[in-house]
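Remarks on the structure that follows.
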Amino acid sequence: MKIVDMSVERLLTEIKNMRPNPGGGAVVILVANMAVNLINMMGDVSCETKLSERLTELIQEDVDATKRLIAEIKKKNFEEKFFLEAARPQIEMVDISLKALGEFSDILKRGKNLSDGIIANNLLREAIRSAMPTIEVNLKYTKETYDYDYFLEKCENLYQKNVKIIEGRK
């Protein structure tokens, strides 16, 4: 069963099991998706809907890539492509979340339910920050580089810009 087809109760049960899937990667993407949907609710905007749809796909892609990576490691196959595949959903989630944080400022200025905006801003920031260990552990076994500091700084700047808008509306 796909993660997105599970009830919340079943998902929570699956997460607490001693299996690696669904793990932190899928949960972080789910959190980012929830934040994007709070933005949608706040501003009745459809532009964020495409981001949410892609994040929904990434949740399962993360689960599937992690399963493949674990299966290959058990076979003593440490090919770079499996580690890259496992990192890709997290990297894409960071890109989508940064886009959402950037586009969010206009919605924050005029949107309803400011408390939802505060929650969405916080969740997106934490999703991006929480993705970094998974990206790092997977890319460690590849020749790929990832500028963690750049993405974290970009995240923090967008987050703080949104905080200023929030403070101005209080």
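The values are calculated or read from the model by the stated rules, or taken from the named source; none is laboratory data. Here the structure is a predicted model, which is why all the values come from computation and not from measurement. In this analysis, Cβ positions are derived from the backbone assuming ideal geometry, glycine residues included, and neighbour counts consider all displayed protein chains. For accessibility, only protein heavy atoms count, side chains too; no ligands or nucleic acids. Shrake-Rupley method; radii C 1.70, N 1.55, O 1.52, S 1.80 Å.
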Taking alpha-carbon centroids only, the range 56-72 lies from the range 91-170 a number of Å equal to 23 Å
Leaving out ligands and nucleic acids, and using a 1.4 Å probe, what accessible area per residue does the chain come to in Å²? 55 Å²
Given the DSSP H assignment, sum -39500 (n - 2.57) over each helix run of at least 4 residues in the chain and divide by its residue total; what's the result at 222 nm in deg cm²/dmol, nearest 500? -28000 deg cm²/dmol
Inter-site label distance for Asn157 and Asp64 at 7 Å from Cα along Cβ, in nm: 3.5 nm
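Give me the number: length gained by fully extending Lys2 to Arg110, i.e. 0.36 nm times residue separation minus the C-alpha to C-alpha distance, one decimal in nm. Don't skip to the answer; put the middle values down first.
On the way: separation 108, 0.36 × 108 = 38.88 nm, distance 3.61 nm.
So the chain would gain 35.3 nm between Lys2 and Arg110.
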Mind checking which of Arg110, Arg129, Arg68 has the largest fluctuation in a GNM of the chain, springs on alpha carbons under 10 Å? Arg110
For the chain, modelled as a GNM with alpha-carbon contacts under 10 angstrom, which of Lys143, Lys50, Lys112 fluctuates the most? Lys143
For a quick size check, give me the Cα extents of the chain along its three principal axes, largest first, whole Å. 56, 36, 24
As an exercise, identify the GluC sites (Glu not before Pro) in the range 59-125 lying in DSSP coil whose Cβ has no more than 15 other Cβ atoms within 10 Å. Glu79
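What percentage of all Cα-Cα pairs in the range 39-110 are separated by more than 14 Å? Don't skip to the answer; put the middle values down first.
On the way: 1652 of 2556 pairs.
So the portion of pairs separated by more than 14 Å is 65 percent.
Give me the percent relative contact order of the range 38-168, please, defined on Cα pairs under 8 angstrom at least 6 residues apart.
33 percent
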Could you give the DSSP H helices of the chain that reach 24 angstrom or more along their long axis (alpha carbon positions) and whose average Kyte-Doolittle hydropathy is no lower than -1.0? 24-43, 47-74, 80-110, 114-139, 148-169
Given a 1.4 Å probe and every protein chain left where it sits, what share in percent of the accessible area of the chain is carbon and sulfur? 54 percent
Pick from Ile128, Ile119, Ile29: which residue has the top mean-square fluctuation in a GNM of the chain where Cα pairs under 10 Å get a spring? Ile119
